[in-house]
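The values are calculated or read from the model by the stated rules, or taken from the named source; none is laboratory data. Bear in mind that the values here come from a model prediction, so they are computed numbers and not experimental data. We place every Cβ from the backbone using ideal geometry, glycine too, and count neighbours over all the protein chains shown. When the accessible area is computed, the model is the full protein with side chains, heavy atoms only, and any ligands, DNA or RNA have been set aside. Shrake-Rupley method; radii C 1.70, N 1.55, O 1.52, S 1.80 Å.
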Amino acid sequence: MSNDSKVMAAYALAQERYAALGVDTEAALAKLEAIAISLHCWQGDDVGGFESPGGELGGGLAKTGNYPGKARTPQELRRDLDMAYSLIPGRHRLALHAMYAEPGAQKLDRNGVRPEHFANWVAWAKEKGHGLDFNPTYFGHPMAASGFTLSSYDKGVRDFWVEHGIICREIGAYFGRELGTTCLNNHWIPDGMKDTPADRKTPRLLLKDSLDRIFAAPVDKQHNLDAVEGKLFGIGAESYTVGSHEFYLGYAVANKLVYTLDSGHYHPTETISDKLSSVLPFVDDVMLHVSRGVRWDSDHVVILNDDLQAIMQEIVRGDYLGRVHIGLDFFDASINRIAAWTVGTRNALKALLMALVEPYAQLQQMDVEGNYTARLVLLEELKSMPFGAVWDAYCQRQGAPVGYAVMDAIRGYERTELANR
Ligand code: RNT
Ligand code: ZN
């Protein structure tokens, strides 16, 4: 029997096992196929961007590792992304940051960035069929060196970043218009203090004022949807982060914006999975930055752990697939960067599929009936159902490598492409 037919034979058996639980695996795969994950461009070059070679990362973000072969140009980054997408089943999106602009020969500052500086990205996305998301870059810049941007006591600094925020919304609208799919535009700022501030209030009021200015002009929500991302702490902002969870959740609710939940932005024992059903009665949409913090907001590659499964279960069980925009946010420079994207995205999809093949109506009924014994037994038995056979069949049908074969493809690309950098 060929490998291909082994995969399909295993799937046929798995399909029957799931059918016995009342689960239609074909329906689950059809749902999975419709989900586009937003890959983050910044895993490809350690949050470098193309403004200046070897610029300071800043903003409390830290990359560790020096694995060879990092993308040095937009062309290399797009080639690497093409490779990663080819290893991931389904059709997915790309999240860009403003610092990935291509100004040509011009020297560009953040307030000078314009839609045309992303024309190559748009042409590439059109050709390959990817939607584009966006992020203004409020860090890694001399105007952010004080640790403050939109909440700075210095009006000149605030004005500079407000200008950046406004133009970035236009860039997002340009993406949405050109590609015919809404661009999620995520605003995150690093502002905060290493040590205890005297005044926690004023920077927050200044931030609110800056955001009001950025979001004052109406931008067609069909093309550009703005999101704000809260955070608890960062390196150098351990004692005070201006844009905290409560601040931005309040701001998003009051101003009908999307709220972004990043898995690394809370107390280490707090999970974002529990926040979805708490936040979604009050905001229309949520954006996720799926990440993996190890002891702190370390942005490790997402693995198939309980946290990830709980996030995807909440999205599927709550019927939130239309309102939760799943994006990734991690950067590991110590391993092959294409592998990092591939593993993280495949895991996000695996966790979604696991949630999609749950007999949820049965489980829900057990909640209602107070049948907690049966619920525990079923949930534990589900863990050893032949989920892997369904996933393998999906990869095979989608033309993505099945199982550890991804590593052959990654090794091949390392030899022919990355080794020459
Ligand atoms: C930082 C935020 C933010 C960044 C990216 C690069 O803590 O998570 O989303 O990681 O914008
Ligand atoms: Zn994030």
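Order 222-229, 12-19, 193-200 from most to least packed using the mean count of other Cβ atoms within 10 Å.
In decreasing order of mean packing, 222-229, 12-19, 193-200 become 222-229, 12-19, 193-200.
As a test, work out the antiparallel percent of DSSP beta bridges whose residues both lie in segment 194-347, rounded to the nearest 5. Intermediate values should be presented prior to the final figure.
Details: 2 of 14 bridges.
Rounded to the nearest five, the antiparallel share is 15 percent.
What segment 259-368 shows is 37 Å² of accessible area per residue, with the surface traced by a 1.4 Å probe over protein heavy atoms. Note on ASP392: accessible area approximately 50 square angstrom, rounded to 10, probe 1.4 Å, nucleic acids and ligands left out.
For the peptides 340-348, 151-159, the ranking by mean Cβ contacts within 10 Å, running from highest to lowest, is 340-348, 151-159. SER384 contributes an accessible area of around 80 Å² to the protein surface, as traced by a 1.4 Å probe with all chains present.
Determine the sum of side-chain charges near HIS289: Lys and Arg each +1, Asp and Glu each -1, restricted to other residues whose C-beta is under 12 angstrom from that of HIS289.
-4
Is the shape of segment 89-151 best called rounded, prolate or oblate, per the rule: a/c under 1.5 gives rounded, else a/b larger than b/c gives prolate, else oblate, with a ≥ b ≥ c the square roots of the Cα gyration tensor eigenvalues? Oblate is the answer for segment 89-151, as a/c is 1.5 or above yet b/c matches or exceeds a/b.
Which percent, to the nearest 5, of DSSP beta bridges fully inside the chain are antiparallel? Could the numbers behind the result be given before it?
Values: 4 of 28 bridges.
Here the antiparallel bridges make up roughly 15 percent for the chain.
Ordering THR149, VAL122, TRP296 by the projection of their Cα atoms onto the charge dipole of the chain, which places +1 on the Cβ of Lys and Arg and -1 on the Cβ of Asp and Glu, puts VAL122 at the extreme positive end.
As an exercise, identify the GluC sites (Glu not before Pro) in segment 39-110 lying in DSSP coil whose Cβ has no more than 12 other Cβ atoms within 10 Å. Before the final figure, lay out the partial values.
Working: sites: GLU51, GLU56, GLU76; in loops: GLU51, GLU56.
Here the sparse-neighbourhood loop sites are GLU56.
Per-residue surface analysis assigns ILE235 an accessible area of about 90 Å², computed on protein heavy atoms at 1.4 Å probe radius. Note on surface exposure: THR137, THR416 rank THR416, THR137 by accessible area, highest first, 1.4 Å probe.
For GLU102 and TYR67, FRET efficiency with R0 = 22 Å and r from the beta-carbon atoms, rounded to 0.05? Don't skip to the answer; put the middle values down first.
On the way: r = 25 Å, r/R0 = 1.12.
Given R0 = 22 Å and the Cβ-Cβ separation, E is 0.35.
Per-residue ellipticity at 222 nm from helix content only, as computed over the chain with -39500 (n - 2.57) for each DSSP H run of at least four residues, stands at -14000 deg cm²/dmol. Across segment 305-321, coupling constants 3J(HN,Hα) worked out from phi with the 6.51/-1.76/1.60 Karplus curve, θ = phi - 60°, read 9, 4, 4, 5, 4, 5, 4, 5, 4, 4, 5, 6, 4, x, 6, 9, 4 Hz, and Gly and Pro carry x.
Determine the share of the chain's accessible area contributed by carbon and sulfur atoms, expressed in whole percent, with a 1.4 angstrom probe.
Values: 9640 of 18250 Å².
Carbon plus sulfur share of accessible area: 53 percent.
Summing charges over all other residues whose Cβ lies under 14 Å from the Cβ of SER146, with Lys and Arg as +1 and Asp and Glu as -1, gives 0.
For segment 38-154, the solvent-accessible area works out to 39 Å² per residue, with a probe of 1.4 Å and every protein chain left in place.
When MET354, MET99 are compared by accessible area of protein heavy atoms, the largest-first order is MET354, MET99, using a 1.4 Å probe.
Sorting MET8, MET83 by solvent-accessible area of protein heavy atoms yields MET8, MET83, largest first, with a 1.4 Å probe.
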